Amino acid sequence: MNPLTPEMRPHATPDVAPDGLRALQRTRLRKVLTTILLVLLTLSLVYGLVGTRATALSLLLASAALLPSLWFNRQNRVPLAADWMLWTLNLAIGLLALNGQGLRDTALLAYPGLLVFAIMLWRNRTMLALLAGQVGIVCLIWWLDAAGHYPSKVAAAAATQILDIAAIVGLTAFASWLIATDLRSYLQALAQENQRVTQALAQLEHSTRHDVLTGLPNRKLANEALDKLCQPSSHTGGAAAVMLINLDGFKSINESLGIRTGDEFLATLAQRLHTRRQTDEQLFRTGSDEFLIIRHPMADEGEAGARANVWLTDIAQPIRLSGVDISITASIGLIFFPADGNTPKELMMRADMAMQRAKEAGRNTVCRFQGHTGQAIDHLNMLADMRRGLQTGQFKLHYQPKFNLETRTLCGAEALLRWQSPERGNVSPATFIPLAEKSGLIADLGKWVIETACQQMQLWRQAGLDACPVAVNVSMVQFRKGDLQDVVFHALHSNGLPGQWLELELTESLLTDSHTTVQVTLEHIRRMGVSLAIDDFGTGYSNLGYLKQFEIQTLKIDQSFVRKLGSVQHDQAIVKAIVNIANELGLSTVAEGVETEDIAELLHGIGCRKGQGYLWSPALPPDEFAQRFLPHHPDRQGPT
């Protein structure tokens, strides 16, 4: 195995110049030919006047023999022109030596210069052939001299030899000057290229560590600064304050005035903050509407808090753009090193927590990190566990039956989400559902619930069981994601399930929030045959107009009214009112939290049609639910 890579293996020098040098070669060859022709013609004239006519004629013939080289060069056939010139001169020099003083003739001094010309014109292989030819000519002259075929003799030095030597040395010096000029040009070009590359690398390095819009150091440099702050050697420099600044409502500027104006506002604000920072403060842009300030060293916490309030005042000053005065406020999270953390990750996380507290406190304020991180960190860990649990099958659906209060027969079920965590055990929905709502994970959980409930109903049907419709709860987050109707359609279609087998339970608050968008989505879902119910009716903003607008079929009476139905007259009046409204509008009612037979009878007497609660069963796993409530009925085709 050859240890050399293809780039490292030795290779012959190419005899063809790169394309970038072809024009330079052509120019150089023209200059060399012109100079040599002038020298040869001059020598021919001198030899014709004061020397031998044979030498003058030889020089004149050599000049004429070089004319095709000029023509080839003009036709851009540079390699042929160079070879023609080199071989013509090589033979001419040999003939001059044969006609002159043999091996002692000064013409042979031109051979080294000829080799220099070959190298300069990038004719490396021609140079090797010329060298071999020159050695051959020298050997031929020596053999002729030694064999007596061409007796040479040392003659007295003629004045023309001085001219020969001067011409040869001059041409050699000219070739060397051309090489030196080219080398100097190459070195200057290389130096300029190196400078350009160095500047480009510096600009690239700057762009990776600075924000393009504002020119401020970016998050990468902020992390490096925090990391340097957390080094043991920095602890001797005293405490430091870290301020995370988030602009309040910056999105509204982009939406109302345009992104370009928003960018100009950010650049102007960043310039203001930069000019007003003190020498012991470092300013970074860590997000689209977020800045970080590190104050080190810090006198005391009071001084840092006062400085944070100064930043609030500076940010709140109006900025005039496009004839409009734009004002904005900020929320600042303030933490201290090393009291609130000794790693960059801890400092950034706790600064963000403090900043969120400032948002919750009404914005345009500074909030100090309080150190009560247990619950917040547990929420972060729980959210990570929930995401992992959704991927690994830790979530299950249990089903709680609904019964017809008149016939006391099963008329439906509600799918309720359960989480069996390996680390946390059975986690209450009251604990993880609000967290999923806040984080947005409820959209993925809700999609899984709809798909799993539809799949389970189809499995019951395929098993020949007398299955019942199933209701699932949906969140506003699922509506905002914009794909709820697609999720419902895919769940029904992929399982071959008619729409009337599925019911969606909505909250009253959902119907009052962006109801135009909700109405469009619900219209598509209703066309699939899916029924709609309002969960916990009577506990929120009960607008009867929504019942007609959204084509609601069922009202679910909250268990807080149902459980005290027999003892609290006020609750009984509320339940009666809800039932009467539903009956007048042709809607069905389901009472939640029915735990005793007396409550069931009372509800039936009021006119409530269905009930759900521990009187019949808590929520059960699918197999246990089927065993208890779903009889074998293979001819069942749909819900009744």
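Residues in region 600-627 that are under 51 Å from the mean Cα position of the chain (by Cα) and of a type in the set (D, E, K, R): 623, 624. Among the residues making up region 26-44, a single one is over 20 Å from residue 77 (Cβ atoms) and exposed (fewer than 13 other Cβ atoms within 10 Å of the Cβ): 38. Criterion applied to 538, 545 was being at negative phi and at pLDDT below 85, and the one residue passing it is 545. Residues that are on the phi > 0 side of the Ramachandran plot and at pLDDT below 90 do occur in region 313-327. Closer than 18 Å to residue 274 by Cβ, open to solvent by 50 Å² or more (accessible area, probe 1.4 Å) and of a type in the set (A, V, I, L, M, F, W, C) - does that describe any residue in region 298-311? Checking region 298-311: at least one residue is closer than 18 Å to residue 274 by Cβ, open to solvent by 50 Å² or more (accessible area, probe 1.4 Å) and of a type in the set (A, V, I, L, M, F, W, C). Only residues that are open to solvent by 60 Å² or more (accessible area, probe 1.4 Å), over 20 Å from residue 535 (Cβ atoms) and in a loop (DSSP other than H, G, I, E, B): list them for region 556-585, please. Selection gives 566, 567.
Checking the structure you have, find out if any residue of region 490-506 is of a type in the set (Asp, Glu), surrounded by fewer than 22 Cβ atoms within 10 Å (Cβ to Cβ) and out of contact with any strand residue (DSSP E or B) (no Cβ under 6 Å at 6 or more places or on another chain).
no
Within region 245-287, can you find the residues that are more than 21 Å from residue 207 (Cβ to Cβ) and touching an Asp or Glu at 6+ places or on another chain (Cβ under 6 Å)? Correct list: 246, 247, 250, 276. So which residues in region 316-364 are within 29 Å of the chain's Cα centre (by Cα), under 19 Å from residue 379 (Cα atoms) and not polar (S, T, N, Q), if there are any at all? Scanning region 316-364 gives 345, 346, 347, 348, 349, 350, 351, 352, 353, 354, 355, 359.
Among the residues examined, residue 340 qualifies as among the acidic types (Asp, Glu) and within 22 Å of residue 365 (Cβ to Cβ).
Scanning region 351-369 for residues that are without any contact (Cβ under 8 Å) to a residue 60 or more places away in the chain and within 12 Å of residue 241 (Cα to Cα) yields a total of 1. If you go through region 339-365 and keep only what is crowded, with 19+ Cβ neighbours inside 10 Å, touching a Ser or Thr at 6+ places or on another chain (Cβ under 8 Å) and more than 23 Å from residue 267 (Cα to Cα), you end up with 350, 353, 358.
Would it be correct to say that residue 92 is out of contact with any strand residue (DSSP E or B) (no Cβ under 8 Å at 6 or more places or on another chain), open to solvent by 10 Å² or more (accessible area, probe 1.4 Å), under 24 Å from residue 54 (Cα atoms) and in contact (Cβ under 8 Å) with a residue 60 or more places away in the chain?
Spelling it out, it is not the case that residue 92 is out of contact with any strand residue (DSSP E or B) (no Cβ under 8 Å at 6 or more places or on another chain), open to solvent by 10 Å² or more (accessible area, probe 1.4 Å), under 24 Å from residue 54 (Cα atoms) and in contact (Cβ under 8 Å) with a residue 60 or more places away in the chain.
Conditions tested, residue by residue: (1) more than 19 Å from residue 532 (Cβ to Cβ); (2) in contact (Cβ under 8 Å) with a residue 12 or more places away in the chain; (3) open to solvent by 30 Å² or more (accessible area, probe 1.4 Å); (4) not hydrophobic (A, V, I, L, M, F, W, C).
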site: 407; (1), (2), (3), (4): yes, no, yes, yes
site: 414; (1), (2), (3), (4): no, yes, no, yes
site: 418; (1), (2), (3), (4): yes, yes, yes, yes
site: 422; (1), (2), (3), (4): yes, yes, yes, yes
site: 429; (1), (2), (3), (4): yes, yes, yes, yes
site: 441; (1), (2), (3), (4): yes, yes, no, no
site: 454; (1), (2), (3), (4): no, yes, no, no
site: 467; (1), (2), (3), (4): yes, yes, no, no
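Among the residues of region 317-338, at least one is more than 25 Å from residue 272 (Cα to Cα) and surrounded by fewer than 21 Cβ atoms within 10 Å (Cβ to Cβ). Scanning region 58-89 for residues that are crowded, with 21+ Cβ neighbours inside 10 Å, within 13 Å of residue 29 (Cβ to Cβ) and of a type in the set (S, T, N, Q) returns 69, 73. In region 380-402, the count of residues that are of a type in the set (Phe, Trp, Tyr), in a loop (DSSP other than H, G, I, E, B) and either in contact with a helix residue (DSSP H, G or I) (Cβ under 9 Å, 6 or more places away or on another chain) or more than 30 Å from residue 535 (Cα to Cα) (or both) is zero. Applying a threshold of 6 Å to beta carbon distances and a minimum spacing of six or more residues, or different chains, the list of pairs starting in region 586-615 at a residue that is closer than 16 Å to residue 574 by Cβ and assigned to a helix (DSSP H, G or I) and ending at one that is open to solvent by 50 Å² or more (accessible area, probe 1.4 Å) and basic (Lys, Arg) reads 606/576. Scoring residue 400 on the criteria (1) in contact (Cβ under 8 Å) with a residue 40 or more places away in the chain; (2) within 30 Å of residue 305 (Cα to Cα); (3) of a type in the set (S, T, N, Q) leaves a single failure, condition (2).
The values are calculated or read from the model by the stated rules, or taken from the named source; none is laboratory data. All values derive from a computational prediction rather than experimental measurement. All Cβ positions, glycine included, derive from the backbone under ideal geometry; neighbour counts span all protein chains shown. Quick note on the areas: whole protein, heavy atoms, side chains included, nothing else; ligands and nucleic acids left out. Shrake-Rupley method; radii C 1.70, N 1.55, O 1.52, S 1.80 Å.
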